Amino acid sequence: LRVGAAIQTPTFMSVTDRWSVSTDTYFSSGNYDSYADSPVNDYTYNLTTPWRFNAGLAYTFGGFGLISADFEMADYSTMRFSEWDNRGYSGWNSYTLENDVNRYFAGKEYSGRFGVEVKPVPTLSLRAGYALRTSPQYYAFDKNGEKYTAAGFINYYDEFEHGQNYIVSKTAFEDIIGTYSCGIGYSSEGSFFADFACRFAKYPTGYFNPYNDYITGGDEYLPEVVQTRSLADMVLTLGWRF
């Protein structure tokens, strides 16, 4: 029997972004062809990553097989941005909006992994597993009970910043990512070994509007995109120990 647990404290890091823009225009006549390049820009800021907690449990049945379970929680609402400059100044004012978005629209993400492995003969192992992960994204509700996403909150941020409105509660998206996996492994009495594994992940259905500048009224509807996504992959490993 193996039991384990761990706490990962936040990481405090300094991040530097560097970027530039280059544009070219071409016309059929060639008389007005032109180009322009911007200078290279850079910006440095501080980032605090979230806390993480995990625990695991596994039991081995001699040489026949094992079962295991692992759980993890990360709290993304504790992420923070702050200012940085060459004089060592550090502050929060420039990132009030970003930090408020993290505080109200990010939160705890839970994940679990479950697996079993069986060895019918010493040289062959069969494995199967399942993993699930909840969404760290949240909805928020204001003083009037209106529901906001992060995008809506940003659009009306002036009202929240000046105290005309405020967030009273939040609730997590009901999105769960489920992943199924299985595999088979062979290990010879010599140096050769082989392993084949496959995995299938099903992502939640997403809905979004590709345009935000429509003028609507009456029974008109914004065009909506429905996104369904899944991912399958297979891995074959061949090896020789020496």
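The values are calculated or read from the model by the stated rules, or taken from the named source; none is laboratory data. Computed from a predicted model, the values in this text were never measured in an experiment. Note: accessible area is taken over every heavy atom of the protein model, side chains too, but ligands, DNA and RNA are not part of it. Shrake-Rupley method; radii C 1.70, N 1.55, O 1.52, S 1.80 Å.
Laid out as a table, the results:
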| item | result |
| --- | --- |
| Tilt relative to the chain, helix 96-105 - C-alpha long axis, 0 to 90 degrees, to 10 | 50 |
| Fluctuation leader among Ser169, Ser181, Ser22 - the chain, Gaussian network, Cα springs under 10 angstrom | Ser22 |
| Surface share of carbon and sulfur [accessible, 1.4 angstrom probe, percent] for the range 115-179 | 52 |
| Additional length obtainable on full extension of the chain from Asn144 to Leu47, 0.36 nm per residue less Cα span | 31.6 nm |
| Relative contact order (%) - the chain, alpha-carbon pairs under 8 angstrom, separation at least six | 13 |
| For the range 16-56: span of alpha carbons on each principal axis (Å, largest first) | 68, 25, 9 |
| Per residue value of the accessible surface for the chain (all protein chains in place, 1.4 Å probe), Å² | 71 |
| Rounded to the nearest 10 Å², the accessible area of Lys108 at probe 1.4 Å | 80 |
| Tensor-based shape of the chain (alpha-carbon gyration tensor, a/c under 1.5 rounded, otherwise prolate or oblate) | prolate |
| Gyration tensor (alpha-carbon) shape descriptor, the range 1-89, a/c threshold 1.5 | oblate |
| Spatially proximal lysines relative to Lys143 (Cα-Cα < 24 Å; intrachain offsets below 8 disregarded) | Lys108, Lys170 |
| Three-way shape call for the range 89-144 based on the alpha-carbon gyration tensor, with the a/c threshold at 1.5 | oblate |
| Binned Cα-Cα distance frequencies in the range 167-207 - 5 Å width, integer % | 5, 14, 14, 11, 12, 10, 9, 7, 6, 5, 3, 2, 1 |
| Top of Asp100, Asp33, Asp17 by mean-square fluctuation, Gaussian network on the chain, Cα under 10 Å | Asp33 |
| Whole-number percent relative contact order across the range 1-91, with pairs defined as alpha carbons under 8 Å at least 6 apart | 31 |
